[in-house]
Structures are given as structure tokens and as C-alpha cells.
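A.B. asks: The structure that follows is given in the form of C-alpha cells.
Derivation of every value follows stated rules applied to the coordinates shown; laboratory data play no part. A quick note: this is a predicted structure, and the numbers were derived from the prediction, not measured. Here the Cβ positions follow ideal geometry from the backbone for every residue, glycine too, while neighbour counts run over all protein chains shown.
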Amino acid sequence: MYFINPFKGLRPSKEKASSIAITSTDHLSKKLIADHKKNNPWSYLNVFSAENNSKSKEQFELMKKKSILSKDINNSFYIYKISTGNHAQIGIVGTAKLSAYDNLHIRGHEEIFFERSQRRMKQMDNLNAQIGPIYAVYPDNKMLNDLVDKELINSPVYSFKGMDGSKHEMWVIDDEKKISKIRDLFNSINRIYIADGHHRMDALLKLSKFKQHQNPNHTGEEAYNFFMIAIFPKSQARILDYNRLIKDLYGYSPKDFIKEIKKKFKVEKQNSSFKPKKSQIFGMYLEKQWYSLELKEKPHQNLFHIINLDINLLHYYLLEPFLGIGDPRQDNRIDFLAGFHGLEGIEAKVDSGEAKVGFALFATQMENVISFADKKLNMPPKSTWFDPKPLDGLVAYDFE
């Protein structure tokens, strides 16, 4: 029994890949999305945004019928390189058995929300396919990394700049000896961690159970018992900061607010924008002025029985007691801004009046993610922003 397996991917033609595969739309403007859909009729955006499930299914089937998408003849692994700026990460796309998640060989760290999971399940059930991979990381393995590096001397089947501004490249590995080696190496690793895609993961588990109950001849080896996963080395995965914006000062004047937080924090004015370079230091932007914040006293150990993440420290020592922010999942006075927007993104929100104060955080570290997953704990909401992410639709996995 192998932990990670090859599969026959459903892929776009080389010429159309850049217009078909899509990035997360979380940080794309509505205009950019609308323009892309209009100018790229075969984009997966036109599948997911179809007016109903019937139209979505019809569009997807038409893409296959017209050979916009074709299924590989041989079982393959797919080497996937994503490059942006001075960062690059190289992983492998394959399939894993869903039972590996239940058995904790594949571990997650996020709380699951029913509505989001259900929405994902309905999409995949409708298309009878998983369009985007679960993004995961594995503990670095030199032999596996060396094997992957050797393949990069060959020309990739895809190489293009995606909607996210990153360069995406892919190589197809269908040689039996290489496939066997990759399988054996992942068997020796035997534990990986989900970075992004927890709701998709939960949806796949539910869909598999649903299909199992529909099939009187279920064996456990059907395609719906597996899922597609893109796995990158831990050392290459990049987590960006996930910053906080608060819409008001809870009745304080800016001067009084600063006076209040000085009871708990050492507050210093900065001559330029301030990005924390280590844990337990925070940046604060208020009335066109940046400040650095540092707790005066060492925080309590294992605050509320969880690791002292910076987002927890900021919440429990400042946002909740001084600004009255409750559950960040429910409180509409707080907003979140992923680090790819930069500090200028915080400045723009505060200067425009959309927020009254912004806080810049040191990015959550991969060791924190792994520690939470190993302890079977959920990280607080909006803890991590993995960037860059695999595209949806560069390779897809159907359940046929």
C-alpha cells in the first residue's frame, strides 16, 4: 500500500493552460475576474461561476468533448514549480487515500465550517471531479528533493505567468522506475501537513462517504476513495503575515488609546513603515503614523492551552481588552489583510477611513502549523496565508 500515488490527470492543452487554470480569487479585483472570464471562455472561472449546477456541468463536459481538457493515458506524477520574485517552491502532485487523513498520516490545523464544506462538496459532486489540489507540505527529504531537481533539466510541459503574477511550470513523470522511487520515498516520509484546502478536504471526505453508500459493490479502491494533493517541501513553503484592521477605537481618541495601551505595551514612534522582524513585536498604524509595540511583561505560557501565537497575543492583550473585539469570526469591527498587500495595504485602508487602526504582525511560522496539527489543535482564524498557491485546473482529478 503506497502513501502517495500517481494518477491519470485531466489537463489542458499546452497552448490553453494559462487561460484555463485559475488562481484563488481572494485577492483579485471584480474587474480583473470579469475581464478574465470574458476574454477566456474556457477558463475554469466560467465553470465555477455558471448560473447553476446544470450549466456548470455542461461547460465542464464541453471542455472535455472539445479536447480543451484531455486525460493522460498513463498514470503519472506531476512536478510543479511555482516562482515569484526571489522565491521558488517545487512540489509533486499525486493522489493520496482519504483514509490517510482519518489515520493522521495527513494532518490539518483549521476549523471546518459546515456551509463552506457543503458548498465545496456540491461543486465536486456536480462535476464528478476535483479541480484543484489540496496544498500540503512534507518534512524535507534530500533523496526526494534531489530526484525532483534532476527532472528540472528537461523542458516543462507548461510554463506561463498566472493570474496571481507567479510563474507556473509543470513536468509529467510517467516512467515506471521514477514513479516507484517517488512512491517509496513518500512511504518513508509517511506524514504530511495540509497548508491550504481544509474545507476542500472535508468536502472530499463527505463526498467519498456519499458515493460509498451509493455503491453496493464498494471495494475501497474506487477513484472517489482518493484525492489529489500538491506536496511541497517544508523548507520551501512560504507563509505571509496576516494583518488586522479595526474599524474604530472603541470610543477612545487616538491620544487616549495610545495612553491606554501603554499600560501593557512599550510603544515607540517610527520614522517609516514598520514590519515586525521577529515574534512578539507588532506594528501599529494610526493617523498616518507607524508605531512599534512590544509587551512590557513576558506573556503567560500556553495562553488558553494553546501556543502563544502572535495573533493570540495581540488579541488577548490588546484587541479584546482595549478595543472590545470579540470572536474574530463573528465581530464585524475587525477585518483581515493578507501580507501580499504589503504595509501600504494597511496604510491605504486606514488613510481611506475604511479602518481606524491597523496592526502588522510577524508571519506565523511553519513550525507553529506543524505543532498545532500534531497536537490535533485548530489554529485561530486567519492565522496563515500561504503564498504562492497551486492553481486550480492545471491538472484535475476525475472520479470516473
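A.B. asks: For LYS181, which aspartates and glutamates qualify as cross-link partners when the Cα separation must be under 20 Å and same-chain residues fewer than eight apart are set aside?
C.D. replies: LYS181 reaches ASP140, ASP146, ASP149, GLU151.
A.B. asks: In the Gaussian network model of the chain, springs joining C-alpha atoms below 10 Å, which of LEU286, LEU28, LEU377 carries the largest mean-square fluctuation?
C.D. replies: Taking springs between Cα atoms under 10 Å, the residue moving most is LEU28.
A.B. asks: Counting trypsin sites (Lys or Arg not before Pro) as exposed when in a DSSP loop with at most 13 other beta carbons within 10 Å, what is the longest stretch of the chain free of them?
C.D. replies: Counting at most 13 other Cβ atoms within 10 Å as exposed, the longest clean stretch of the chain is 67-261.
A.B. asks: Now for a separate question. Just to confirm the number: angle between the C-alpha axis of helix 198-214 and the first principal axis of the chain, 0 to 90 degrees, nearest 10?
C.D. replies: That works out to roughly 40 degrees.
A.B. asks: Another question about this same structure. How many angstrom lie between the Cα centre of segment 109-129 and the Cα centre of segment 29-49?
C.D. replies: That distance is 21 Å.
A.B. asks: Another one. How many lysine pairs in segment 39-169, separated by 8 or more positions in sequence or lying on different chains, have Cα atoms less than 14 Å apart?
C.D. replies: 7
A.B. asks: Now, a different point. Arrange the following residues from fewest to most other Cβ atoms within 10 Å of their Cβ: HIS199, HIS213, HIS341.
C.D. replies: Sorted ascending by nearby Cβ count, the order is HIS213, HIS341, HIS199.
A.B. asks: Quick one: angle between helix 114-127 and the longest Cα principal axis of the chain, in degrees between 0 and 90, rounded to 10, please.
C.D. replies: 20
A.B. asks: Looking at segment 295-375, which GluC sites (Glu not before Pro) are DSSP coil and have at most 14 other C-beta atoms within 10 Å of their C-beta?
C.D. replies: Loop-located and lightly packed - GLU297, GLU354.
A.B. asks: For the chain, what is the mean residue ellipticity at 222 nm derived from helices alone (per DSSP H run of n ≥ 4: -39500 (n - 2.57); sum divided by total residues; nearest 500 deg cm²/dmol)?
C.D. replies: Value at 222 nm, helices only, nearest 500: -9000 deg cm²/dmol.
A.B. asks: To check you understand DSSP bridge types, tell me what percent of the beta bridges within the chain (both residues inside) are antiparallel, rounded to 5.
C.D. replies: 90
A.B. asks: Still on this structure, I have one more. Under the √(5λ) rule applied to the eigenvalues of the Cα gyration tensor, what semi-axes describe the equivalent ellipsoid of the chain? Give them in Å, descending.
C.D. replies: After scaling each eigenvalue by five and taking roots: 40, 23, 21 Å.
A.B. asks: Moving to a separate point now. Is segment 332-400 best put as rounded, prolate or oblate by its Cα gyration tensor, with a ≥ b ≥ c the root eigenvalues, rounded for a/c under 1.5, and otherwise prolate when a/b is larger than b/c, oblate when not?
C.D. replies: In terms of gyration-tensor shape, oblate.
A.B. asks: Just need the relative contact order of segment 242-362 here, percent rounded to a whole number, with Cα pairs under 8 Å and 6+ apart.
C.D. replies: 45
A.B. asks: What's the tally of Lys pairs in segment 265-397 whose alpha-carbon atoms lie under 17 angstrom apart, where the two lysines are 8 or more places apart or on different chains?
C.D. replies: Step by step, the pairs that qualify in segment 265-397 add up to 14.
A.B. asks: Normalised by the residues of segment 93-204, what does the relative contact order come to in percent, with Cα pairs under 8 Å and at least six apart?
C.D. replies: 47
A.B. asks: Any idea what angle helix 176-189 forms with the longest principal axis of the chain, computed on alpha-carbon atoms, 0 to 90 degrees, nearest 10?
C.D. replies: 40
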